[in-house]
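I have placed the structure first, in the form of structure tokens, so that the comments after it can refer back to it.
Bear in mind these aren't lab numbers, they're just calculated from the coordinates by the rules spelled out. Everything numeric here is computed off the predicted structure, so don't read it as measured data. Reconstructed Cβ throughout: ideal geometry from the backbone, glycine too, with neighbour counts over all protein chains shown.
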Amino acid sequence: MSESRVTSLVERKNIESKWVVEGDPWEAFRQIEVITLELTQSYRHSLGKYSRFFLELENGRFLGTSCPTCHKVFAPPRPLCPDCLSITAWQELPGTGTVQTFSIMHFPSLVNDDVRRLETPVTLAYVLLDGGSTLFPHVLKAAPESIHIGMRVRVAYAAAPVQHPIHLMYFVPLEE
Amino acid sequence: MADRMPMVIGVGLTPFASNREDCNVRDLAVEAVLDCVRDAGIENLDAVQHGLTSYESDHFNRQMTLGAILHDTLGLNPTPNVRVEGGGATGALALRTAWAYVKSGLCDSILVYGCETNGKSIASQTANQLFALSADVDWEMMVGGTYTAFYAAMMRVHMEQYGTKREQFAHVAVRNRRNAAANPFAQRPMDISIDDVLNSRPIAEPYTLLDCSLLSDGAAALLLATEEWAKQHSSRFAERPPVAFTATGCGTDTMRLGDRYPHLTNFAGKRAAAQQAYRSAGITNPLEQIDVAELYDSYSGVEIQAVEDLGFVPEGQGGPAVADGMFDHDGALPVNTSGGLLGRGAPVGATGIAQAIEVVQQLWGEVTPERQVHHARRGLTDTHAGIGTICVVNIFERQD
């Protein structure tokens, strides 16, 4: 390949028309250029009406929301009860619960430093918190072979700084 | 024929591939639409009264307002156009929308074209992150969650509750990739064994690499119109058995799996979509009354859940039914003759349309002889977004 002034150039080549089953009407369009295209964004991302959940995690408290009308308790919180459209109230939960299902992820989404710091495989556990009505999905730090449906767990609070406030917590086995 | 029943006039498809680096996303759409024009027996797009663009992601396609660009590229201006998006269900939701546009009299003909570049132009790790953006970002994606894990967590409960076995869903991974071998447009035909699936590397347990569907580049197009329009404009309409898009159903479910507790094993939205479509098509015994189907096998186990939610077998019996070959090519109801998402591939915006194309071509008797289902008169497509968050069931029937 001759020198190019295109700094993002990956390659230039002629493509064999292997994609065309019969005949190739695109013969004059087989010379291709591939470049690197970078698009990155960062946002001032408000956590909105869900914010208090994250604020209280930093204080070592685990909050759900409860519906004043149908008494369902949402964890993760919902500001609006989807069953009756009532505005919910914050409610502290003890942070203990039971694993209802889980998956051991060998390739978690490396979306932030918090996930990148985790030892793989990472267990994603769905936990029914005591006093809650829904399952809370989060990382369960436990030996993979020890994890099972029905396992008792509790919320643990991170001591070290985190990038996304959801990582102020994780689940660990409950020693009863 | 029923009033303004949308008929399938023509279909077009690109091969699905892991890396169509000879094309950008517009080139792919052009390829599928030109194929559709040829297949429909129309000279050009002048008589087409409406366009409908089907694609999921600005991130994958590196372009916003892609609908306007494709419409322009195809020379469809000033014809009206609409873009439809519904996650993994995008293509099927696009067809459902087109169905309503024709039925309502908004137009007599509509060209539905879908495309996506989900292939190797983006690293698979980045692709996983982009797909995770279509989960609940602050609650599921940020803890490192992946769609494979969400589906795997569902399957684990299915296994625990109904005794479903890894060998049973591995059967789907083997059969659909084998079916793909009879489809020259399939991305990844493979001749593999159950053991190959069980022994491939774990991705999100219990799912292994070979339980997972493909990332693809590709496009698909389908022209829908009234019979009157077809008789006037299509030279091929009278040549082949008339196939109508007779019914469509749509159902939804919560975004997060945990909000469905205690019902974690199956897709309630899919059940609702199927019931609507069946009611509308007059189907009371789907296993008997449907001859061929393309099911949304984003993961092998999802097909087991689907055959239950579509009412082919009772809930909890999908595993043994699949493993017994009930849905193989020589079974009671052949499914995923195209190879499905596991073997043919899955460029998201094209997927639901490509499923419909397989079914329609089966009804026309126009697929390769090895995969042709004989005497097929009624076919179904099952497509969904998320973990069954938006579900669409479309039904196509021969009218002769």
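Restricting the range B:292-327 to residues that are surrounded by 21 or more Cβ atoms within 10 Å (Cβ to Cβ) and acidic (Asp, Glu) leaves a set whose member that is farthest from the chain's Cα centre (by Cα) is B:GLU308. Mind checking whether some residue in the range A:112-129 is farther than 18 Å from B:VAL137 by Cβ and of a type in the set (S, T, N, Q)? Among the residues of the range A:112-129, at least one is farther than 18 Å from B:VAL137 by Cβ and of a type in the set (S, T, N, Q), which makes the answer yes. Scanning the range B:84-97 for residues that are crowded, with 22+ Cβ neighbours inside 10 Å, among the hydroxyl-bearing types (Ser, Thr, Tyr) and either at positive phi or in contact (Cβ under 8 Å) with a residue 12 or more places away in the chain (or both) turns up at least one hit.
Against the list (1) within 14 Å of chain A (Cβ to nearest Cβ); (2) under 20 Å from the mean Cα position of the chain (by Cα), the condition B:ASN118 fails is (1). Of the conditions (1) touching a strand residue (DSSP E or B) at 6+ places or on another chain (Cβ under 8 Å); (2) within 14 Å of chain B (Cβ to nearest Cβ), A:SER4 satisfies every one except a single condition; which number is it? Result: A:SER4 fails condition (2) only. Exactly one residue out of B:GLY301, B:GLY349, B:GLY345, B:GLY331 is farther than 15 Å from B:VAL392 by Cα and either part of a helix (DSSP H, G or I) or of a type in the set (Asp, Glu) (or both), and it is B:GLY301.
Filtered by the rule that a residue be away from every other protein chain (no Cβ under 14 Å) and part of a loop (DSSP other than H, G, I, E, B), the range B:244-298 gives B:PHE267, B:GLY282, B:ILE283, B:THR284, B:ASN285, B:ILE290, B:ASP291, B:LEU295, B:TYR296, B:ASP297, B:SER298. Report, by residue number, each residue of the range B:148-170 that is at the interface with chain A (Cβ under 8 Å from one of its Cβ atoms) and closer than 14 Å to B:PRO262 by Cα. Within the range B:148-170, B:ALA153, B:MET154, B:ARG156, B:VAL157, B:GLU160 meet the criteria. Hey, any hits in the range A:123-136 for a residue that's aromatic (Phe, Trp, Tyr), within 16 Å of A:PHE53 (Cβ to Cβ) and at the interface with another protein chain (Cβ under 7 Å from one of its Cβ atoms)? Yes, because at least one residue in the range A:123-136 is aromatic (Phe, Trp, Tyr), within 16 Å of A:PHE53 (Cβ to Cβ) and at the interface with another protein chain (Cβ under 7 Å from one of its Cβ atoms). All conditions in (1) within 11 Å of chain B (Cβ to nearest Cβ); (2) without any contact (Cβ under 8 Å) to a residue 12 or more places away in the chain; (3) assigned to a loop (DSSP other than H, G, I, E, B) hold for A:LEU85, with the sole exception of (1). Residues in the range A:38-60 that are surrounded by 10 or more Cβ atoms within 10 Å (Cβ to Cβ) and under 23 Å from B:VAL137 (Cβ atoms): A:LEU47, A:LYS49, A:TYR50, A:SER51, A:ARG52, A:PHE53, A:PHE54, A:LEU55, A:GLU56, A:LEU57, A:GLU58. Out of the range B:117-129, which residues are part of a helix (DSSP H, G or I) and either buried (at least 16 other Cβ atoms within 10 Å of the Cβ) or of a type in the set (Gly, Ala, Ser) (or both)? Hits for the range B:117-129 are B:SER124, B:ALA127, B:ASN128, B:GLN129.
Among the residues making up the range B:6-40, those that are part of a loop (DSSP other than H, G, I, E, B) and either within 14 Å of another protein chain (Cβ to nearest Cβ) or surrounded by fewer than 18 Cβ atoms within 10 Å (Cβ to Cβ) (or both) are B:THR14, B:PRO15, B:PHE16, B:SER18, B:ASN19, B:ARG20, B:GLU21, B:ASP22, B:CYS23, B:ASN24.
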